[in-house]
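Colleague: Sending over a structure as structure tokens; questions will come in a sec.
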Amino acid sequence: MADFKTPELTGAVTTPKITPGASRHIKQFIAKPELMEKVGFPPQKASDWKEQFIRKMGEVLKKYKSVKVFLDICVRCGACTDKCHYYLGTGDPRNMPVYRQELMRTVYRKYFTTGGKLFGGLAAAREISDELLDEWWVYFYQCSECRRCSVYCPYGIDTAEITMAAREIMDSIGMGSKYNLEIVHKAETIGNNLGMNPDALKSTWEFVEEEIEEKTGVRAKLPVDVEGADVLLATPSADFFAEPHIYSLEGYAKVFHQAGISWTLSTHASEGGNFGMFIGNYNHMKTINKRIWDAARDLKVKRVIAGECGHAWRAMYAFSNTLNGPFDFLQHKSPQHICEFTLDLIKKGALKLDKSANDEFTVTYHDSCNVARASSMGNTPGDQFTIPRELINAVCNKFVEMDPNTTGERTFCCGGGGGVLTDEVVEIRVKGAMPRMQEYKKIKDSHGANFFALICAICKAQFTKVFPYYGIEMEEVGGVHQLISNALVMGAKEGV
Amino acid sequence: MNGLGNVFNLLAYAAAAVFILGFLYKVIVYFKTPSPLNIPTTPGPKTSGGVVMRLIPEILFFRSLLKGGAAEKILWFGGWVFHVCFLLIVLRHLRYFTYPVPGFVMSFQQIGIWAGLIFPLALLILIVRRFTNDRLATISLFADYFVLLLIIGIGLTGILLKYFMRTSLVEVKAFILGLVTFSPAPMPDSTMFTIHFLLVLVLLVYFPFSKLMHAWGVLVAPTRAQADNPREVRHMTPWA
Ligand code: HEM
Ligand code: SF4
Ligand code: SF4
Ligand code: SF4
């Protein structure tokens with residue numbers, strides 16, 4: 001399938017032998033000058049890029065406590081070294097979180113610390129150079145900003161913060177990721193990551209309506225730009241066309257329909273995701289996020305609900321109030337997650353469910369890292385784990401858990417998050433998925449699991465891509481609302 | 001007062017000044033550097049009271065290390081024993097700095113002696129770990145060995161002073177009290193004490209410029225020190 005070896009599925013995650021440079025060749029494409037300028041970055045590296053680089057690094061150190069403190073205090077205890085899925089999948093030491101950070105720390109010492117200035121190499125301080133920059137380019141785009149390393153660190157050092165800062169610094173000298181910046185640009189100018197214009201959106205949504213009607217005989221509407229609707233749904237645009245994403249979209253529509261809730265999609269805010277976060281750029285993140293709140297204000301909705309997507313939920317839950325709040329014009333001042341919303345409805349008895357519709361499935365659930373470690377649901381810490389599971393249990397008879405060392409806050413990333421979901425780096429995606437694939441294999445063998453439930457658009461895209469590499473059918477990947485959709489009995493309204 | 005005593009007095013004051021000012025400087029820099037976004041690692045507490053409850057076990061028991069595998073268990077053991085011994089030894093040393101010696105310092109004397117003996121062993125675990133485990137060997141820097149050796153050096157010279165090359169505790173106490181009360185007294189006439197003392201000064205000077213600042217950083221790292229409250233609080237920053 002490709003010119004690399006897919007790791008073998010043994011059902012066990014073992015710590016690999018250190019293999020320097022094992023993933024050194026896997027690189028994202030650099031954005032062309034025109035694209036760089038469109039998103040407000042310098043077109044390419046200038047002759048004085050080193051000065052710009054150091055200046056920007058100084059600025060970041062003043063702007064982000066996380067970066068400053070993390071660069072100072074890591075004791076190199078090694079607790080994080082075998083916690084990153086990219087290290088486990090490649091054996092490349094630069095994918096050990098602390099050693100990834102070291103790429104930045106070494107420059108930090110050289111230009112920003114007394115020890116580094118005085119003692120140079122003895123203090124492990126290195127000047128920025130073309131070669132070092134190239135390593136930055138490789139390894140700061142082999143981090144999915146999943147925060148697993150942070151969980152095990154005695155000080156909570158989060159490599160994702162370092163990665164975001166590194167990408168921001170590289171962008172600022174004219175070295176940006178083609179994949180990420182194209183998406184940022186489309187989200188800011190057209191309104192969604194796919195670059196679908198309002199007409200295209202409308203016809204896709206109509207198509208989904210027809211699908212639902214064909215399957216159920218009921219025309220559950222996908223309302224578009226409806227002023228005065230109660231709910232604005234902001235969901236990742238992948239939900240509009242990709243499989244299995246679209247089945248969850250059907251699920252949302254059916255839930256709203258059955259519960260009799262007036263809702264709308266927006267052609268202006270047709271994206272829940274936010275790649276501004278992946279590149280560590282505050283302003284882009286804010287601009288992209290703002291479209292949702294502008295749409296909410298214009299459409300005079302009462303609340304905003306986020307569809308199934310990990311990082312989108314982080315952006316909405318954890319950042320949007322700070323970026324574009326306060327949301328006093330809404331009745332529900334905080335965005336809600338579709339899982340919180342649907343579970344509420346189920347608890348109120350507003351939905352009629354037939355669990356047996358999912359009897360062909362033995363379901364397991366993958367906690368998406370951005371939901372697990374970077375945001376919350378419900379009222380109690382940890383509700384982000386229980387709510388999706390309660391939902392699944394409400395619509396399925398057979399639910400099984402993967403190894404607890406790899407779920408909840410300890411969940412493994414899918415390997416494609418954080419702006420890594422692009423085909424030129426498929427090797428790192430396949431290898432980074434290895435730990436999760438081993439666990440899935442284990443639960444398949446022991447419990448016959450055959451449905452891999454997700455609430456993240458990137459996870460869905462990533463796993464449908466990598467399952468076949470591991471010899472597993474991609475149809476086993478699906479959304480939680482897809483299961484709900486299967487079980488939801490349409491028509492027979494019980495009322496709210 | 002002898003001239004040499006003066007040199008050591010001056011060195012001690014210089015080191016103490018570097019330590020205190022350097023530490024304070026770092027504390028202020030960390031305090032003033034903003035956190036423009038709410039980034040606690042979740043699930044995390046929703047209130048500042050909860051944050052305190054989250055941090056206490058991290059500080060007292062290195063809780064997150066306990067989540068790890070075999071390598072972290074060894075690290076936890078060596079690291080925890082080392083830190084506790086370090087703390088006990090520091091407390092025990094307070095008897096040189098105080099007159100009369102407060103009761104609580106006296107109560108640490110016996111256990112402090114044990115701590116002093118275990119301390120180098122714990123450090124030995126930490127240092128051996130660094131070159132016997134491939135991953136640690138890869139990430140370890142000169143600075144990591146340096147600080148371990150420095151502290152081992154302090155511990156061993158301390159043990160030598162106590163058991164093999166005893167010096168006059170009266171002189172030591174007079175010297176240290178002299179420093180503390182700004183009425184300099186002569187340096188005790190002991191090479192081993194001089195080495196022990198100088199190594200401590202090196203540690204003091206090194207501290208604020210090194211990873212040892214984790215002692216403060218653990219309190220302010222935003223992933224743990226922030227409450228998970230983005231729905232309630234806008235995390236506004238002047239620059240943003
Ligand atoms: C005066 C204060 C402190 C000193 C001199 C000190 C010294 C050290 C040293 C030298 C190491 C590195 C050990 C190695 O290389 O393996 C270390 C590690 C560590 N320190 Fe501290 N520390 C201090 C305070 C603290 C505090 C307050 C905490 C509370 C959380 C803490 C937690 C840790 C942890 C979790 C490690 C990693 C485990 C280890 O390597 O032992 N330290 N410390
Ligand atoms: S776990 Fe934390 S302190 Fe230890 S090496 Fe990793 S980042 Fe550094
Ligand atoms: S954030 Fe995730 S991907 Fe990045 S270094 Fe940590 S564990 Fe690896
Ligand atoms: S795509 Fe899913 S698993 Fe991967 S980083 Fe995002 S939330 Fe985590």
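Colleague: Once Rh for the stretch A:185-487 is found with the Kirkwood sum over Cα pairs, what is the Stokes-Einstein diffusion coefficient at 25 °C and 0.890 mPa s, in µm²/s?
Modeller: Approximately 128 µm²/s, per Stokes-Einstein.
Colleague: A further question follows. Give me the angle, in degrees from 0 to 90, between the Cα long axis of helix A:159-172 and the longest principal axis of the Cα atoms of chain A, rounded to the nearest 10.
Modeller: Tilt of helix A:159-172: around 70 degrees.
Colleague: Ok, one more. Quick one: angle between helix A:178-189 and the longest Cα principal axis of chain A, in degrees between 0 and 90, rounded to 10, please.
Modeller: 50 degrees
Colleague: Taking Cα centroids, how far is the stretch A:56-78 from the stretch B:166-240 in Å?
Modeller: What the calculation gives is 20 Å, centre to centre.
Colleague: Convex hull volume of the Cα atoms in the stretch A:42-175, per residue, in Å³?
Modeller: About 104 Å³ per residue, rounded to a whole number.
Colleague: Going toward the positive end of the dipole of chain A, with +1 on Lys and Arg Cβ and -1 on Asp and Glu Cβ, which of A:P236, A:N358, A:S376 do you reach last?
Modeller: Most positive-ward Cα: A:S376.
Colleague: Another one. Using every Cα-Cα pair within the stretch A:325-405, state what percent have a distance larger than 18 Å.
Modeller: Here the long-distance tail beyond 18 Å is 52 percent of all Cα pairs in the stretch A:325-405.
Colleague: Tell me, A:S320, A:S356, A:S262 in order of fewest to most beta-carbon neighbours within 10 Å?
Modeller: Taking fewest neighbouring Cβ atoms as first place, the list is A:S356, A:S262, A:S320.
Colleague: Sort A:169-177, A:27-35 by the packing proxy (mean of other Cβ within 10 Å over each peptide's residues), most packed first.
Modeller: My ranking of the peptides, most packed first, is A:169-177, A:27-35.
Colleague: To continue, here is another question. Using a cut-off of 11 Å between beta-carbons, work out the net charge of the residues near B:A185 (Lys and Arg +1, Asp and Glu -1, B:A185 not included).
Modeller: Summing Lys/Arg as +1 and Asp/Glu as -1 gives 0.
Colleague: Return the Cα extents of chain B along principal axes one, two and three, sorted largest first, each rounded to a whole Å.
Modeller: Sorted largest first, the three principal extents are 65, 42, 37 Å.
Colleague: A further question follows. Where the convex hull is taken over the Cα atoms of the stretch B:120-175, what is its projected area averaged over directions, in nm²?
Modeller: Taking a quarter of the hull surface, the average projection is 4.8 nm².
Colleague: Exposure proxy check: B:F82, A:F119, B:F8 ranked by fewest other beta carbons within 10 Å?
Modeller: The most exposed by this proxy come first: A:F119, B:F8, B:F82.
Colleague: When the convex hull of the C-alpha atoms of the stretch B:111-240 is computed, what volume per residue in Å³ does it have?
Modeller: 219 Å³
Colleague: Once you keep just the Cα pairs under 8 angstrom separated by 6 or more residues, what percentage relative contact order results for the stretch B:117-205?
Modeller: Computed value for the stretch B:117-205: 28 percent relative contact order.
Colleague: Taking the Cα centre of chain B as the origin and placing charges on Cβ (Lys, Arg +1; Asp, Glu -1), which of B:N9, B:M213, B:F77 is farthest toward the positive end of the dipole?
Modeller: Sorting the options by dipole projection puts first B:F77.
Colleague: Give the distance, in whole Å, between the Cα centre of the stretch B:3-69 and the Cα centre of the stretch A:384-463.
Modeller: 37 Å
Colleague: Sort by residue number and report every cysteine in chain A with no other cysteine beta carbon within a distance under 4.7 Å.
Modeller: A:C74, A:C77, A:C84, A:C143, A:C153, A:C309, A:C339, A:C396
Colleague: With helices defined as uninterrupted DSSP H runs, which ones in chain B have an alpha carbon span along their own long axis of at least 30 Å and mean Kyte-Doolittle hydropathy of at least 0.0?
Modeller: For chain B, where a helix must reach 30 Å along its axis and average at least 0.0, the hits are B:3-32, B:70-97, B:109-132, B:142-163.
Colleague: What is the angle, in °, between the Cα long axis of helix A:338-348 and the longest principal axis of the Cα atoms in chain A? Nearest 10 is fine, range 0 to 90.
Modeller: Helix A:338-348 sits at roughly 30 degrees to that axis.
Colleague: Across peptide B:232-239, how many C-beta atoms of other chains are within 10 Å of each residue C-beta, on average?
Modeller: 4
Colleague: Considering every residue in A:156-169, what mean count of other chain Cβ atoms within 10 Å of its Cβ is obtained?
Modeller: Partner Cβ neighbours, averaged per residue: 3.
Colleague: Quick one: net charge around A:P43, please, counting Lys, Arg +1 and Asp, Glu -1 for every other residue with C-beta under 14 Å from its C-beta.
Modeller: Value of the local net charge: +1.
Colleague: Let me ask something else. Wrap a convex hull around the Cα atoms of the stretch A:369-478, take a quarter of its surface area, and give that in square nanometres.
Modeller: 6.9 nm²
Colleague: Per residue and in cubic angstrom, what volume does the convex hull of the Cα atoms of the protein assembly as shown have?
Modeller: 166 Å³
Colleague: With only alpha-carbon pairs counted, each pair once and no self-pairs, how large is the Kirkwood hydrodynamic radius of the stretch B:1-143 in angstroms?
Modeller: Taking every pair of different Cα atoms in the stretch B:1-143, averaging 1/r and inverting gives 19.2 Å.
Colleague: For the stretch A:161-232 and the stretch A:254-278, write down the distance between their C-alpha centroids in whole Å.
Modeller: Taking the Cα centre of the stretch A:254-278 as reference, the centre of the stretch A:161-232 is 10 Å away.
Bear in mind that the values in this text are calculations on the coordinates, not laboratory data. Since the model is a prediction, treat every value here as computed from it, not as a measurement. Counting neighbours? That spans all protein chains shown, and the Cβs are built from the backbone with ideal geometry, glycine included.
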